[in-house]
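The values are calculated or read from the model by the stated rules, or taken from the named source; none is laboratory data. If you're wondering where the values come from, they're calculated on a predicted model, not measured in any experiment. A quick note on method: Cβ atoms are made from the backbone with ideal geometry, for glycine too, and the neighbour counts reach across all protein chains shown.
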């Protein structure tokens, strides 16, 4: 295309003006008064074609013959400047030689100077009532020659103020072309071939994408192809006009839609290079839909473009860490995983010590700490001994009647696989719900803290469906294991009460944090929100719907309270 533009600049050195509504007598008078002269050839006049030259060519008939018969004329200095891609400024050119070819339909009388000059007969394909101006040089010099010709017809005074003229400026019907018809035909062929090549390059992207659908490493190849086709298409578009321009512009809009669809459908959204490709595709789509181009799209193409641009924008946003929330959540998850690994390792060490008969408190190095734990364990054993004696003396037991709903539910809970027997000690009161109270407890076998929910049958005797609700709740909780869902350990069934063991979250609930106003740190809010959403997403994957999400921890209605503990600071 660059070579074609250079070739066009050399060959398209003429312009045409219409004289259909101009009195020939007035036009001829203006030319004679500006010292133009008539070149009488004895051949062109037979077809009512006349050649007129400016006074600068009065003693240079060879220049007149060269301007008329040669396709281009350029000096050695101008050729060097064109080779170096330097464009000449038309305003810096003082004067340019040119000739005028007239084809009037009315006769006129020339009373000025006449030059007899034999010239070869050429087919100039002149239309009636036209003036063809042929300049000597590049297109910049053609622009300067057109300005000179307008000044002849519209004279100005010393202050560049226009003088009174009989007729106004002539309408220019052809801005630039070659004055030889054969050359114009060849230039049009080159233009058509160039346009077809550009259309083939743009259309080839869709065929290549279809052909390489299952090829390995196709993403980078197609991205380079899209990039080349878009840059080449935009460069060619500048040289087009009329219907060809509109048709090719529609092809580029189709290319933009295909490019954005390729990013959304065929590229890995997690790769960094996809982010760069998405930026290129969206930028090209923005350029192609500027101004009224977006209004010319059919409804189906507009809807497809809208959907793909939205998906592409979502991909871009996913690469940004908004206020550090994603990074903070990742770090929090890593801290939780590390704590879980450490707890598992510690538990395995405790179990190995238990197998060897080594007591738990012996792991402490400080003698004072070991002595403290020895006294605590001794007191606990003594308390358990008294309790067992009291139970054996005072408890006479009761017979369960399976026809009663409460007794049948009690048997069902006792037979549950989650019914465990552990050594634990009840601690401080945490809170109360609709169906029981929650206490802090310590697992005497592992030393870990737990939250224990105590449900007494006497307090809920008027709720016949409570046992089925507890059973359903525990059945669901047994299958859930996620960092952002409270972990369920098991139950302990007694004659008059049930204990439910769950994970203890030291941070408390969001409601406790909101007692004195809102949370000021936006980054912390984003971390809480992301943890809550990850927990809910996990529940939905397991087919569980949480119907009571709220800042306060719910122990009665809410089956699975989301973990609210703040991150380590």
Does residue 170 meet the test of being surrounded by 17 or more Cβ atoms within 10 Å (Cβ to Cβ) and touching a strand residue (DSSP E or B) at 6+ places or on another chain (Cβ under 6 Å)?
yes
Any residue in the range 157-183 that's under 21 Å from residue 27 (Cβ atoms): show its pairings with residues that are modelled with pLDDT under 85 and outside any loop (DSSP other than H, G, I, E, B) at Cβ separation under 8 Å, as long as the two are six or more apart or on different chains.
162/156; 163/156; 165/153; 167/153; 169/153; 170/153
State all residues of the range 89-107 that are surrounded by fewer than 21 Cβ atoms within 10 Å (Cβ to Cβ) and more than 17 Å from residue 137 (Cβ to Cβ); if no residue qualifies, say none.
103, 104, 105, 106, 107
Condition met for residue 29 (modelled with pLDDT under 90 and more than 30 Å from residue 232 (Cβ to Cβ)):
yes
Select from the range 28-53 the residues that are part of a loop (DSSP other than H, G, I, E, B) and either loosely packed, with under 14 Cβ neighbours inside 10 Å or touching a helix residue (DSSP H, G or I) at 6+ places or on another chain (Cβ under 8 Å) (or both) and list them in ascending order.
34, 35, 36, 42, 43
For residue 440, only one of the following conditions fails: (1) at pLDDT 80 or above; (2) over 16 Å from residue 490 (Cβ atoms); (3) surrounded by fewer than 16 Cβ atoms within 10 Å (Cβ to Cβ). What is its number?
(3)
Does residue 280 meet the test of being over 19 Å from residue 308 (Cβ atoms) and not assigned by TED's automatic domain parsing to the domain that holds residue 9?
no
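One line per residue, one yes/no per condition, for (1) at pLDDT 70 or above; (2) out of contact with any helix residue (DSSP H, G or I) (no Cβ under 7 Å at 6 or more places or on another chain); (3) surrounded by 14 or more Cβ atoms within 10 Å (Cβ to Cβ):
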| position | (1), (2), (3) |
| --- | --- |
| 409 | no, no, yes |
| 422 | yes, yes, yes |
| 426 | yes, yes, no |
| 429 | yes, yes, no |
| 454 | yes, yes, yes |
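For residue 501, are the conditions met, namely being buried (at least 17 other Cβ atoms within 10 Å of the Cβ) and modelled with pLDDT under 80?
Numbers: buried (at least 17 other Cβ atoms within 10 Å of the Cβ): yes; modelled with pLDDT under 80: no.
In short, no.
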Here are the criteria: (1) farther than 20 Å from residue 340 by Cα; (2) at pLDDT 80 or above; (3) in the same structural domain as residue 420 (by TED's automatic domain parsing). Tell me which single one residue 539 does not satisfy.
(3)
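Inside the range 457-497, can you point out the residues that are assigned to a strand (DSSP E or B) and modelled with pLDDT of 85 or more?
Those that are assigned to a strand (DSSP E or B) and modelled with pLDDT of 85 or more: 485, 488, 489, 490, 491, 492.
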Does any residue of the range 193-205 turn out to be in a helix (DSSP H, G or I) and closer than 30 Å to residue 68 by Cα?
yes
